[in-house]
1. Conditions: (1) aliphatic (A, V, I, L, M); (2) assigned to a helix (DSSP H, G or I); (3) buried (at least 19 other Cβ atoms within 10 Å of the Cβ). I199 meets all but one. Number of the miss?
2. Starting from residues that are under 15 Å from M61 (Cα atoms) and small (G, A, S), keep the ones in region 196-244 and report whichever is modelled with the highest pLDDT.
3. Residues of region 107-129 being more than 12 Å from M61 (Cα to Cα) and either in a loop (DSSP other than H, G, I, E, B) or in contact (Cβ under 8 Å) with a residue 60 or more places away in the chain (or both), which ones?
4. Which pairs have Cβ atoms under 9 Å, sit 6 or more apart or on different chains, and link a residue in region 79-90 that is on the phi < 0 side of the Ramachandran plot to one that is among the basic types (K, R) and outside any helix (DSSP H, G or I)?
5. Under the condition of being among the hydroxyl-bearing types (S, T, Y) and part of a loop (DSSP other than H, G, I, E, B), which residue from region 245-271 is modelled with the highest pLDDT?
6. Any residue that is outside any helix (DSSP H, G or I), surrounded by 23 or more Cβ atoms within 10 Å (Cβ to Cβ), in contact with a Pro (Cβ under 9 Å, 6 or more places away or on another chain) and in the same structural domain as V117 (by TED's automatic domain parsing) - is there at least one of those in region 181-194?
7. Could we say that E299 is surrounded by 11 or more Cβ atoms within 10 Å (Cβ to Cβ), at pLDDT 75 or above and not assigned by TED's automatic domain parsing to the domain that holds R126 here?
Amino acid sequence: MTEDDDKGYRWETEYEKTWEALQEDAEGSLQPSIDSMLHKAKRRKLLEKISNVRLGMMRHMFIIIDMSVSMDDQDLKPTRLIASLKLLERFIEEYFDQNPISQLGIIVTKNKRAEKVTELGGNPRRHIAAIQKLKERVCQGEPSLQNSLELAIQTLRHMPSHASREVLVLFASLTTCDPGDILETLRLLKETNVRCSMIGLAAEVRICKKLCTDTNGKYTVILDESHFKDLLNQHTSPPPAMMNTESSLIRMGFPHHHLGGERSGDKPSMCMCHLDSKSVEGFSTTGYFCPQCKSKYCELPVECKACGLTLVSAPHLARSYHHLFPLDQSLEIPVTDFDPGQNIYCYACQIQIQDQTVYQCRKCKRIFCIDCDIFVHETLHSCPGCASSRKTQTAEAVFV
């Protein structure tokens with residue numbers, strides 16, 4: 001039996017048949033089955049999270065966007081390209097919200113070539129502006145997966161050994177036009193510890209699956225726009241660190257934002273971020289100055305080009321803390337465990353819970369609905385019940 005014959009190899013077989021999952025209840029209604037399917041879909045992402053796993057907190061990711069003629073197809077409205085860029089804008093915002101000390105870069109591939117649109121950086125506004133300009137470009141020719149990956153490797157291979165090196169590819173074509181042996185590129189990805197993940201917009205491609213499998217990445221194929229969004233959001237959380245990723249103490253600088261201005265007598269100067277660019281975007285009196293060598297930068301986080309010091313802000317570092325110590329999963333309690341006729345209200349949104357299951361915090365024992373429980377674990381990362389309990393205890397202690 002070959003690998004092609006293994007169960008689950010073709011992406012179509014990895015999804016449950018809806019008509020087999022739907023079961024009528026005693027009254028002949030399908031609504032309980034539908035509610036159960038929606039419930040499982042909402043909880044799936046939380047249940048997939050594995051605790052006590054070493055994570056790559058400082059992420060350096062390149063997003064490779066296929067801009068071949070395949071992106072002009074209209075199975076996603078209005079086109080695959082426009083729909084993908086719209087979802088990428090939201091993804092970039094969420095990526096930096098969840099990974100404030102990480103960096104991102106964008107590469108596009110068309111006409112058998114690869115072009116770097118933005119360098120690795122921690123400013124989401126710059127990447128979103130570049131994404132919006134891509135809507136005006138024309139999709140042409142075939143993509144080159146090999147050229148794109150090698151362009152990403154040229155930068156990622158110089159990242160520090162404790163950092164997470166990642167590539168996320170949005171691939172719509174069923175072919176790739178490469179100048180050489182792409183298996184050599186795959187070997188180079190493994191040697192440099194680059195994790196390659198791909199989201200297919202058409203169907204499963206053999207070489208794409210091999211790339212992701214051999215580099216410990218994820219390969220998925222979208223079903224529709226909503227599924228596309230869910231697959232993108234899976235890459236906002238830090239991935240498990242590679243086995244050979246080194247552990248080391250990292251020296252960091254915390255520069256203050258210098259406002260400058262005419263009154264202070266500061267003269268405009270060019271920041272280190274834009275020395276190689278032809279624009280005057282980084283020419284100003286404001287910026288962040290490295291506490292070690294006084295080099296100027298217009299955005300954080302960044303690694304100082306002069307002395308190599310990692311420059312971050314204290315809030316960025318604090319917001320990355322929740323990945324290391326995530327909230328415990330809530331207890332699932334059936335509504336039947338409560339007194340009959342008792343109205344159950346969510347502690348967070350104060351709305352009466354109509355579902356068959358409620359969620360209870362293991363520490364403060366507060367009850368939450370499924371939507372609030374997901375929001376607390378995926379976005380807030382802090383239980384409002386526990387937080388309010390601590391404030392109450394502190395107030396009582398001060399009053400006494």
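1. (2)
2. S197
3. Scanning region 107-129 gives N111, K112, N123, R126.
4. Partner pairs satisfying both residue conditions: L81/K135; L81/R137; I82/K135; A83/K77; L85/K135; K86/K135.
5. Across region 245-271, the extreme among qualifying residues is S248.
6. No, region 181-194 has no match at all.
7. For E299, the condition - surrounded by 11 or more Cβ atoms within 10 Å (Cβ to Cβ), at pLDDT 75 or above and not assigned by TED's automatic domain parsing to the domain that holds R126 - is met.
Per-residue answers, yes or no, for (1) of a type outside the set (A, V, I, L, M); (2) surrounded by fewer than 21 Cβ atoms within 10 Å (Cβ to Cβ); (3) out of contact with any Phe, Trp or Tyr (no Cβ under 9 Å at 6 or more places or on another chain); (4) outside the structural domain of H60 (by TED's automatic domain parsing):
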| residue | (1), (2), (3), (4) |
| --- | --- |
| N123 | yes, yes, no, no |
| Q132 | yes, yes, yes, no |
| R137 | yes, yes, yes, no |
| E142 | yes, yes, yes, no |
| L145 | no, no, no, no |
| H158 | yes, yes, yes, no |
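The values are calculated or read from the model by the stated rules, or taken from the named source; none is laboratory data. Treat the numbers as computed from the prediction; the structure is a model and nothing was measured. Cβ: placed from backbone, ideal geometry, glycine included. Neighbour counts: every protein chain shown.
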